[in-house]
Amino acid sequence: MKTVFKVVAQTTAAPVKKQDGTQTQKSTIVLQELGGKYENSFAATLLGNMASLKFCPNDTVFAALRFQHREYNGQYYMDCTVQDIIKFNTSNAF
């Protein structure tokens, strides 16, 4: 899914251990589709260098989200990961 979102919230980046034993950064960002306060919203994971990017509530961004499902002990889980994210320059707003 590639679209324009409004940033609702973002967690602080935290170190996590990858499966190969190396470390990377992870952050969660909540993005909401434009249109109103009842539009769809998504909690997505920022990994690596993207996790250190800082977004503020109400920032407007263009993001590409990737959705995957995983099975663990017979239960299915949905993962939402940010593949790419670009912040719009809003300093010249009307």
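No lab work stands behind these numbers, since they all come straight from the coordinates. What you are looking at is a predicted structure, and each value in this text was computed from that prediction instead of being measured. Because the Cβ atoms are built from the backbone with ideal geometry, glycine has one as well, and the counts that use them run over all protein chains shown.
Looking at segment 1-80, which chymotrypsin sites (Phe, Trp or Tyr not before Pro) are DSSP coil and have at most 11 other C-beta atoms within 10 Å of their C-beta? Counting only loop positions with at most 11 other Cβ atoms within 10 Å, the chymotrypsin sites (Phe, Trp or Tyr not before Pro) in segment 1-80 are TYR38. Exposed loop sites here are trypsin sites (Lys or Arg not before Pro) in DSSP loop states with at most 15 other C-beta atoms within 10 Å. What is the longest stretch of the chain lacking them? Result, exposed sites excluded: 55-94.
Could you compute the net charge surrounding GLN25? Neighbours are other residues with a C-beta less than 14 Å from the C-beta of GLN25; K and R count +1, D and E count -1. Net local charge, GLN25 excluded: +4. Here the calculated FRET efficiency for VAL4 and ARG70, from their Cβ-Cβ distance with R0 = 22 Å, stands at 0.20, rounded to the nearest 0.05.
Pair-distance distribution of the chain: all C-alpha pairs, bin width 5 Å, starting at 0; shares per bin in whole percent are 3, 12, 21, 23, 18, 12, 6, 3, 1, 0, 0.
Within a straight-line Cα-Cα reach of under 17 Å, LYS54 can be paired with the following aspartates and glutamates, leaving aside sequence neighbours fewer than 8 residues apart in one chain: ASP84. If the segment from ASP79 to ASN40 were pulled out straight at 0.36 nm per residue, it would be longer than the present Cα-Cα gap by 12.4 nm.
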